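The values are calculated or read from the model by the stated rules, or taken from the named source; none is laboratory data. Everything quoted here is computed from the prediction, not taken from an experiment. A quick note on method: Cβ atoms are made from the backbone with ideal geometry, for glycine too, and the neighbour counts reach across all protein chains shown. Heads up: the accessible areas ignore ligands, DNA and RNA and are worked out on the full protein's heavy atoms, side chains in. Shrake-Rupley method; radii C 1.70, N 1.55, O 1.52, S 1.80 Å.
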Amino acid sequence: MKNTTFTITDDLLATRGQRFLNFCIDLVFLYIIILSIGTSIILIAEATSKFAVSTWVETMSKGEIVLYSILIMLLYYSLTEIYFSRTIAQLITKTVVVKKDGTKPDIKTFVIRTLCRFIPFEPFSFLGASPRGWHDTFSDTYVVKKKRLAKGIQLFNTPE
């Protein structure tokens, strides 16, 4: 008897190397975005003679920088995954975030996934036996190779 629902299998999962590369690329993009927004605020503030704003951005405390960076990270991961099911890094490595049945997760799932990234030592959760991190496990999502997923779904839906 044929299984009636498609299920993600280990051969579809992104490798540890791909996941590490995703992490590194996303960090670079986050750094660029954080600096770009800060610089843009300063340039706009100075062009409009709002020197207090530019001075504040230039002299932000470490706590303010951390809060600003967290906000940008929340927006980056949430928006890219909600709209595209992948971050810029996942686009580059040709991987995508899906549920166990291979479909796109809902917004709530992506928000849970994003918030779990802030668990201390979460990036080290990939060092275990499975190439799934805590943000994958707690949100019940999978990062898979996009082409293999499409092929697997196509084969699954092909009548025998």
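Restricting the search to helices (runs of 4 or more DSSP H) fully inside segment 83-160 and requiring at least 1 residues that are open to solvent by less than 40 Å² (accessible area, probe 1.4 Å) and without any contact (Cβ under 8 Å) to a residue 40 or more places away in the chain gives 107-116, 134-139.
May I ask you to verify whether ILE32 is under 26 Å from PRO131 (Cβ atoms) and of a type outside the set (Asp, Glu)? So ILE32 fails the test.
When every residue of segment 61-76 is checked against the conditions, at least one turns out to be outside any helix (DSSP H, G or I) and either surrounded by fewer than 12 Cβ atoms within 10 Å (Cβ to Cβ) or among the β-branched types (Val, Ile, Thr) (or both). Close contacts from segment 23-38, counting a first residue that is open to solvent by 70 Å² or more (accessible area, probe 1.4 Å) and a second that is in a helix (DSSP H, G or I), with Cβ to Cβ under 7 Å and a gap of 6+ residues or different chains, come to PHE23/PRO123.
Would you check which residues across segment 2-59 are outside any helix (DSSP H, G or I) and either within 30 Å of ASP136 (Cβ to Cβ) or at pLDDT 95 or above (or both) and list them? LYS2, ASN3, THR4, THR5, PHE6, THR7, ILE8, THR9, LEU13, ALA14, THR15 - these are the residues of segment 2-59 that are outside any helix (DSSP H, G or I) and either within 30 Å of ASP136 (Cβ to Cβ) or at pLDDT 95 or above (or both).
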